[in-house]
Amino acid sequence: MKIIDEDLAADEIMHMLPEEQIRHSENVGRLMERFSKWLHAYAADEMYPYFSLAGYYHDIGKVCVLPGLLTKQEILTPGEYRLIQQHTVFGQELLDLAQKGKITGIPESLIPLLRDAALYHHEWWNGRGYPFGLEGRVIPLVARATAICDSYHAMVSNRAYRPAYSHDYACGELEREAGRQFEPALVTLFLEHEAEILRMMGELCAVGE
């Protein structure tokens, strides 16, 4: 685990990530901003205006992972994969430091929301995710939404170990994983707006993301 100095601003910490990861976090934040507007039809939540910030900070814990693992071009070993999985817990620990005022730049009232996204966005709807194996609506809504935006953007982006998949492929994967990895109702809501998502991603690519 890479040690992070205290008394840094949260955005300074985010910019310690590899460039590819910074772009991913920014774009997951943008997707979450759009998704949160559609979520009003799904459930009432006064925190929707801040879902975009939760999306941006969802992978903050990856700054505690060795950069070489995040940019490795070869297939990860099981041990390396387990190390990367720890980024969810590292994210919680960093946001706990923010709660104590040791990391600046995040309003205290928003830290619980951001912590939920960082810690739980790899939990699965069927209970097979990590780090705790939570299931269904026990997983906070912001984390269930982040999981969809995170996975979609990861699929349509170039990665060190593979080229980007198409929008159609990514949407198909979300649909196939509904009820297993993702909440079905949220996948349906996301895909109802897939033309807007595709247009949005095209605009991001046009400006180099």
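The values are calculated or read from the model by the stated rules, or taken from the named source; none is laboratory data. Keep in mind it's a predicted model, so treat the numbers as computed, not measured. Cβ atoms come from the backbone with ideal geometry, glycine included; neighbour counts cover every protein chain shown. Accessible surface areas use protein heavy atoms only, side chains included; no ligands, DNA or RNA. Shrake-Rupley method; radii C 1.70, N 1.55, O 1.52, S 1.80 Å.
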| query | Put a dot 7 Å past each Cα toward the Cβ at A154 and R137; how far apart are the dots in nm? | reply | 2.7
| note | Honestly the stretch 70-171 on the Cα gyration tensor test (a ≥ b ≥ c root eigenvalues; a/c under 1.5 rounded, otherwise a/b vs b/c for prolate or oblate) is just prolate
| query | In what order, largest first, do F132, F35 sit by accessible area if the probe radius is 1.4 Å? | reply | F132, F35
| query | Using mean Cβ contacts within 10 Å as the protection proxy, how do 91-97, 13-19, 26-32, 162-168 order, highest first? | reply | 26-32, 91-97, 13-19, 162-168
| How would you classify the chain from its alpha-carbon gyration tensor, with a ≥ b ≥ c the square roots of the eigenvalues: rounded for a/c under 1.5, else prolate if a/b is greater than b/c, otherwise oblate? | rounded
| field | Per-pair calculated FRET efficiency, R0 = 25 Å: E12 and R176 via Cβ, rounded to 0.05 | value | 0.05
| remark: E74 and R162 label points (each 7 Å along its Cα→Cβ direction) are spaced in nm at 1.9
| note | With a ≥ b ≥ c from the Cα gyration tensor eigenvalues, square-rooted, and the rule rounded for a/c under 1.5, otherwise prolate when a/b > b/c and oblate otherwise, the stretch 136-209 is prolate
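At 222 nm, what value in deg cm²/dmol follows for the chain if DSSP H runs of at least 4 each add -39500 (n - 2.57) and the sum is divided by all its residues, to the nearest 500?
Numbers: 11 runs with 114 residues, N = 209.
That calculation yields -16000 deg cm²/dmol at 222 nm.
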| Say each of T188 and Y130 gets a label point 7 Å from the Cα, pointing the same way as Cα to Cβ; how far apart are those two points in nm? | 3.2
